[in-house]
Amino acid sequence: MAHLAHYKEAHPLPFVITHWINLVAMVVLILSGFLIHFPFLPYLMGIARGAHLLFGFVLFINCVVRVVMAFFVKSAPTAGTRQQVTDIKTWMPQKDNRHQAGAWITYYLFLKKDHPLGAKLGVPQKISYLLIPILIVIMFWTGLCLWGVTMNVPVFAATTNLVGGLMSMRIIHYFMMYVFICFMFIHIYLANVEGFEPTKLMFLRKEHGGLVYDPDLHNIVGEDHDVH
């Protein structure tokens with residue numbers, strides 16, 4: 001086998017749940033956002049606005065919950081091992097792969113056939129994921145600047161004035177939607193570039209055998225075919 005084993009410890013159930021919530025929220029927000037911006041189904045505008053508002057809060061709250069859980073819930077830092085550490089320790093490039101950034105980039109750009117073995121996510125992948133909480137906060141903030149209930153609150157009104165008014169704020173909020181759309185496609189590609197085992201693990205909790213990695217030795221130590 002050429003790939004590391006995929007174990008449930010890499011994606012504990014609490015993180016799987018928040019991942020599902022993120023997926024549903026983003027899809028609803030994107031669809032309702034298009035409908036609000038291009039009201040080609042005017043009789044659904046009320047539903048679209050209500051859904052957009054509701055799932056905007058859902059996405060933001062879910063993001064906060066996920067970040068807080070990272071300080072308490074443990075996950076496996078590396079594919080190919082069941083050894084777990086507090087999840088926040090896996091957010092930044094780790095000791096066993098932070099030096100591999102260049103090799104991962106050439107792999108993602110199809111300039112290299114094989115990628116280096118190391119932590120469960122490639123260095124560019126980790127960095128892109130770190131930006132998501134920031135993007136969600138910005139999206140939520142700009143949304144509050146546009147929402148009639150909160151748009152006149154001093155801090156949100158000041159933000160709107162800072163960017164040049166409501167039209168500029170709408171453009172920023174709308175542009176951010178495309179950032180999320182691009183991220184979703186990139187995320188799907190990076191997660192499945194060498195097979196659908198990570199997706200099966202995340203959504204179906206289906207483990208997949210492969211190479212066993214020791215994060216202490218930073219090396220492959222065997223193979224595991226006895227997965228469940």
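The values are calculated or read from the model by the stated rules, or taken from the named source; none is laboratory data. Because the structure is a prediction, the values reported are computed rather than measured. In this analysis, Cβ positions are derived from the backbone assuming ideal geometry, glycine residues included, and neighbour counts consider all displayed protein chains. What goes into the accessible areas is simple: the full protein's heavy atoms, side chains included, and nothing from ligands, DNA or RNA. Shrake-Rupley method; radii C 1.70, N 1.55, O 1.52, S 1.80 Å.
Observations
- Counting only helices (runs of 4 or more DSSP H) that sit completely within the stretch 118-205, those holding 1 or more residues that are at pLDDT 90 or above and of a type in the set (A, V, I, L, M) correspond to 123-146, 154-163, 166-192.
- Subset tally (residues that are open to solvent by 50 Å² or more (accessible area, probe 1.4 Å) and under 13 Å from LEU135 (Cα atoms)) for the stretch 163-175: 2
- For the stretch 176-215, the set of residues classified as surrounded by 14 or more Cβ atoms within 10 Å (Cβ to Cβ) and touching a Ser or Thr at 6+ places or on another chain (Cβ under 9 Å) consists of MET176, PHE183, ILE186, HIS187, LEU190, ALA191, VAL212, TYR213, ASP214, PRO215, listed by residue number.
- Helices (runs of 4 or more DSSP H) fully within the stretch 1-114 counting 1 or more residues that are within 28 Å of GLU223 (Cβ to Cβ), under 21 Å from the mean Cα position of the chain (by Cα) and small (Gly, Ala, Ser): 101-108
- Some residue of the stretch 31-38 being touching a Gly at 6+ places or on another chain (Cβ under 9 Å) and of a type outside the set (Ser, Thr, Tyr): no
So that you can scan it fast, the table gives a plain yes or no per residue for (1) modelled with pLDDT of 95 or more; (2) crowded, with 19+ Cβ neighbours inside 10 Å; (3) not aliphatic (A, V, I, L, M):
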{"residue": "ALA25", "(1), (2), (3)": "yes, yes, no"}
{"residue": "GLY33", "(1), (2), (3)": "no, yes, yes"}
{"residue": "LEU44", "(1), (2), (3)": "no, no, no"}
{"residue": "HIS52", "(1), (2), (3)": "yes, yes, yes"}
{"residue": "SER75", "(1), (2), (3)": "no, yes, yes"}
